[in-house]
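Quick notes on the structure that follows.
The values are calculated or read from the model by the stated rules, or taken from the named source; none is laboratory data. Note that the structure is a prediction, hence the values are computed from the model and not measured. We place every Cβ from the backbone using ideal geometry, glycine too, and count neighbours over all the protein chains shown. Surface areas here come from the heavy atoms of the whole protein model, side chains and all, with no ligands, DNA or RNA. Shrake-Rupley method; radii C 1.70, N 1.55, O 1.52, S 1.80 Å.
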Amino acid sequence: MLRSVVIGSGGRMGGRIISLMREDKDFKLVGAIERSGHNWIGSDIGEMLGLGRMDVKVSDDLSSCIDNADVIIDFTNPEATLKNLEINQRGKVPVVIGTTGFTAEQREEMKRLLKGIRCVLSPNMSIGVNILFKIVEDVARVLRDGYDIEIIEAHHRFKKDAPSGTAMKLAEIIASSIGRALEKDAVYGRRGMIGERKNEEIAVFAVRAGDIVGEHAVIFGGLGERIEITHRAHSRDNFARGALRAAKWIVNQKEGIYDMMDVLGLR
């Protein structure tokens, strides 16, 4: 049984992870972490999530439960994740990170803080999305420069970062597979008299509306035809199940930074 800590326990993803974890005999929740000042601090996490008493109080102190943990699952924000990794330098507990929105500098800092730690780092834990990553990589490699590539993502109105981490991962995979430099060729939205589309562009567009869980579409547009590959999430449970699958997997791996493609054996 994996003694688990969920950071961001009061959030949309954290709540679903804990709910599904409660139904899985392979997990035992030993810590529920939230930011300082959160109104759930000191309350039983099960009662706050409507799951019944779980005898785990919400805390803002990761160090208070890290010594009892076999795995940590973190769905928060870049600043909080880096702070959590700093604390985890003491215990070096395996960690699953689903946080998105890191800057290039934050990613470098995260790599430093993950030395000596086993980690699954992925912008999207969905099995379907990771299959999408694989399909898009293969399609882009075949089509290459003959097709225009556009990425469209849609999420709920409360999402703070844009484009989504998943959309950026798609763009990175495509750029790598066809030999383009994303920092030079990426286009984020269009407006005004911009001229004819350049062949090397990889465009990414973000939609924020209502309660959309998550949609990602990649368009390969040729002259005379187009290919559209789409993934739509109907609930957050597919992300939560992926995070739990990653948690079970990472505890048996060697030190290193992995992603869901590794977890699912898609490499």
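Assorted remarks:
Listed here are the residues, each with its yes/no results for (1) within 13 Å of Gly11 (Cβ to Cβ); (2) within 24 Å of the chain's Cα centre (by Cα); (3) open to solvent by 70 Å² or more (accessible area, probe 1.4 Å).
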residue: Ile45; (1), (2), (3): yes, yes, no
residue: Val56; (1), (2), (3): no, no, no
residue: Ser59; (1), (2), (3): no, yes, no
residue: Leu62; (1), (2), (3): no, yes, no
residue: Asn68; (1), (2), (3): no, no, yes
residue: Glu79; (1), (2), (3): no, yes, yes
residue: Lys83; (1), (2), (3): no, yes, yes
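- Leading residue by the ranking (nearest to the chain's Cα centre (by Cα)) among those in the stretch 12-34 that are farther than 18 Å from Val95 by Cα and open to solvent by 30 Å² or more (accessible area, probe 1.4 Å): Arg12
- Listed by first and then second residue, the pairs linking a residue in the stretch 68-93 that is without any contact (Cβ under 8 Å) to a residue 40 or more places away in the chain and basic (Lys, Arg) to a residue that is in a helix (DSSP H, G or I) and open to solvent by less than 10 Å² (accessible area, probe 1.4 Å), with Cβ atoms under 9 Å apart and 6 or more places separating them unless they lie on different chains, are Lys83/Leu62; Arg90/Ile66.
- Residue identified as out of contact with any His (no Cβ under 6 Å at 6 or more places or on another chain), surrounded by 11 or more Cβ atoms within 10 Å (Cβ to Cβ) and over 23 Å from Thr99 (Cβ atoms) among Glu215, Glu172, Glu201, Glu225: Glu201
- All of Val136, Val142 fail the test of being within 30 Å of Asp237 (Cα to Cα) and either open to solvent by 30 Å² or more (accessible area, probe 1.4 Å) or touching a residue at least 60 places away in the same chain (Cβ under 8 Å) (or both), apart from Val136.
- Residues satisfying the stated conditions in the stretch 144-153, i.e. assigned to a helix (DSSP H, G or I) and either of a type in the set (D, E, K, R) or at pLDDT 95 or above (or both): Arg144, Asp145
- Test: residue in the stretch 247-267 that is free of Cβ contacts under 8 Å to residues at least 12 places away in the same chain, within 20 Å of the chain's Cα centre (by Cα) and either more than 23 Å from Arg16 (Cα to Cα) or part of a loop (DSSP other than H, G, I, E, B) (or both): yes
- Which listed residue, of Val120, Val96, Val129, is within 14 Å of the chain's Cα centre (by Cα), assigned to a helix (DSSP H, G or I) and of a type in the set (A, V, I, L, M): Val129
- Subset tally (residues that are open to solvent by 30 Å² or more (accessible area, probe 1.4 Å), within 17 Å of Gly14 (Cα to Cα) and in contact with an Asp or Glu (Cβ under 8 Å, 6 or more places away or on another chain)) for the stretch 228-247: 0
- The residue that is most open to solvent (accessible area, probe 1.4 Å), counting only those in the stretch 1-11 that are in contact with a helix residue (DSSP H, G or I) (Cβ under 9 Å, 6 or more places away or on another chain) and farther than 18 Å from Asp237 by Cβ, is Arg3.
- First in the stretch 14-28 and in contact (Cβ under 8 Å) with a residue 12 or more places away in the chain, second anywhere and β-branched (Val, Ile, Thr), Cβ under 7 Å, 6 or more apart: Gly14/Val6; Ile17/Val6; Ile17/Ile73; Ile18/Val6; Ile18/Ile45
- Residues in the stretch 113-151 that are closer than 28 Å to Thr76 by Cβ, in contact with a helix residue (DSSP H, G or I) (Cβ under 8 Å, 6 or more places away or on another chain) and not small (Gly, Ala, Ser): 18 in all.
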